[in-house]
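Sharing a structure here in structure tokens format.
Since every read-out is calculated from the coordinates, none of them should be taken as a lab result. The structure presented is a predicted model; accordingly, all values stated were derived computationally and were not measured. Methodologically, a virtual Cβ is constructed for each residue, glycine included, from the backbone with ideal geometry; neighbour enumeration extends over all protein chains shown.
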Amino acid sequence: MNPSRRGDVTEAVVLSALMQQGVTVAVPFGDSDRYDLLVDEDGRLFRVQCKTGSWVNGTVRFKLYSSTVERGDRVDRSYSTSGVDAFGVFSPRTEEVYWVPLSETGAGEMRLRVEKPAAKAPQSRINWASDFHLEERFEGREDSV
């Protein structure tokens, strides 16, 4: 699947998961915004960038930047609070959608750990995927499906 198609699938899966939680979702017209979806949770608006998570050593990995080509050169742009509030991450491997606030991320990439790490692996700073399940973020909404 080409990257553009994969991104479209991810966006559709994240949109569906959000709607199943009973929140209103809007899709911006065009392709010039830093976010893919606008989520309205009881009047609170969230700009959401959708990402496809890849499976790496028991983790769901996703990039915290976008890449484009300008004048023949690759340009990477990190996301900031001026354009994005959260990431909606879909993992085809786990078939889960994760809600990751921008405030919980760093730079470059983020990994959400699904499987226990190797016995000798460092245990500090593990981002457990279970802490970011989208359903838990919006749990308890009266209008969820």
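Need the list of lysines near residue 63 for cross-linking: C-alpha distance under 19 angstrom, and skip anything on the same chain fewer than eight residues off.
Excluding near neighbours in sequence, the set is 51.
Projecting each Cα onto the charge dipole of the stretch 16-123 (Lys/Arg +1, Asp/Glu -1 at the beta carbon, about the Cα centre), which of 22, 39, 53 comes out farthest on the positive side?
53
Is there a quick way to get the dipole size of the chain? I mean about its Cα centre, with the Cβ of Lys and Arg at +1 and of Asp and Glu at -1; what is the value in debye to the nearest 20? Intermediate values should be presented prior to the final figure.
Values: 19 positive and 23 negative charges, 176 e Å.
Here the size comes out at about 840 debye.
Equivalent ellipsoid semi-axes for the stretch 3-137, as square roots of 5 times the alpha carbon gyration tensor eigenvalues: give them largest first, rounded to whole Å. Spell out each step's value before the answer.
Values: eigenvalues 112, 77, 38 Å².
Semi-axis lengths for the stretch 3-137 are 24, 20, 14 Å.
Of 63, 51, 120, how do they rank once you tally other Cβ atoms within 10 Å and put the fewest first? Walk me through the intermediate numbers first.
Details: 63 17, 51 27, 120 5.
So the residues, fewest neighbours to most, are 120, 63, 51.
Given the stretch 79-135, what whole percent of its Cα pairs are spread farther than 15 Å?
Details: 833 of 1596 pairs.
Summing the P(r) of the stretch 79-135 above 15 Å gives 52 percent of all pairs.
Which one of 121, 103, 62 is farthest out on the positive end of the charge dipole of the stretch 3-137, using unit charges on Cβ (Lys, Arg +1; Asp, Glu -1) and the Cα centre as origin?
My answer, from the dipole projection, is 121.
OK, next. If each of residue 70 and residue 12 carries a label point 7 Å out from its Cα toward its Cβ, how far apart are those two points in nm?
A separation of 3.2 nm, rounded to one decimal place.
Report, in deg cm²/dmol and to the nearest 500, the calculated mean residue ellipticity at 222 nm for the chain, where each DSSP H run with n ≥ 4 adds -39500 (n - 2.57) and the sum is divided by the residue count. Let's see the in-between values first.
Details: 2 runs with 22 residues, N = 145.
So the helix-based figure for the chain works out to -4500 deg cm²/dmol.
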